[in-house]
């Protein structure tokens with residue numbers, strides 16, 4: 001009996017329901033505090049790939065024809081470790097309120113969609129995928145206005161503009177700036193407040209469906225994987241923590257990889273719009289930027305930085321969802 005009790009302690013198991021913890025089961029205060037801390041750590045891990053990707057996408061930088069690894073080495077050689085973390089401070093601090101908006105809208109919209117689709121004649125994987133997809137789109141739209149000037153990983157709102165500019169300091173066609181506040185001052189002086197939202201329309205139109213794709217793919221993939229390895233809600237068999245980690249990480253990686261393939265071209269155009277100050281003739285636009293990319297490198301130009309972005313999105317998908325699911329398990333209301 002003692003041996004069996006010890007085994008139960010060393011190999012903890014969870015109900016399959018713990019893979020899909022809904023909004024009403026969460027302690028909201030703990031959810032937001034733990035989420036802010038763990039997501040900041042997780043963002044720090046993937047920030048260097050975002051810096052490399054952004055530099056590769058800037059015209060005239062000298063990096064557009066280099067491999068991601070070569071760009072990374074160049075940054076380390078010329079700027080040291082701080083160079084691969086340019087823009088992270090502004091993002092880490094500025095993103096905290098946005099995290100609250102994003103996480104809250106994500107969970108609430110998913111919960112509402114699941115309730116409204118309950119009882120409909122559709123496969124459960126499809127229902128979960130739709131609910132997650134709707135949640136991803138709503139969350140992106142709610143947080144878009146806040147994040148477009150500062151975000152690190154992908155365009156979300158006003159926060160992206162600041163971070164992208166910090167990442168490309170010193171490159172041809174960019175204006176030298178001394179920190180995030182100087183960036184804000186110079187952009188507003190030159191272009192007005194609307195300059196902080198350069199690329200906003202493109203971001204809102206493209207990233208909302210992309211987020212819907214990511215979260216929908218993740219929800220459906222996790223459901224399918226659990227069933228394919230023999231787990232069902234009405235079975236007594238329960239997954240261990242290791243199995244839960246493995247399934248969720250795999251589903252996140254699949255979702256991140258698929259999203260990166262589809263969204264890289266539009267991300268390249270968006271990055272150009274946000275960081276170039278040397279307009280040449282007239283102000284930049286989506287069509288002008290797209291034509292310039294096509295003229296420079298053909299269709300390959302739209303996939304500049306694809307390697308680092310693919311790595312960024314895949315790694316992000318894995319680490320983000322594992323972190324997110326851990327946050328939810330740690331935030332479940334105590335009985």
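Going from the residue with the fewest nearby Cβ atoms within 10 Å to the one with the most, 325, 243 rank 243, 325.
Please rank 296, 107, fewest neighbouring Cβ atoms within 10 Å first, as an exposure proxy.
Ranked by crowding around the Cβ, least crowded first: 296, 107.
Taking the number of Cβ atoms within 10 Å of each Cβ as an exposure proxy, the fewest-first ranking of 226, 77 is 77, 226. For the listed peptides 212-222, 32-42, 247-257, a ranking on the average number of other beta carbons within 10 Å per residue, highest first, reads 212-222, 247-257, 32-42.
Taking R0 as 25 Å, what's the FRET efficiency between residue 96 and residue 332 from their Cβ-Cβ distance, rounded to 0.05? All intermediate terms of the calculation are to be shown ahead of the outcome.
Values: r = 23 Å, r/R0 = 0.90.
Calculated transfer efficiency: 0.65.
If the chain linking residue 74 and residue 240 were pulled fully straight, counting 0.36 nm for each residue of separation and taking away their Cα-Cα distance, it would gain 55.4 nm.
Bear in mind these aren't lab numbers, they're just calculated from the coordinates by the rules spelled out. Predicted model only: the values in this text are computed from it and were never measured. Heads up, the Cβs are rebuilt from the backbone with ideal geometry, glycines too, and the neighbour counts pull from every protein chain shown.
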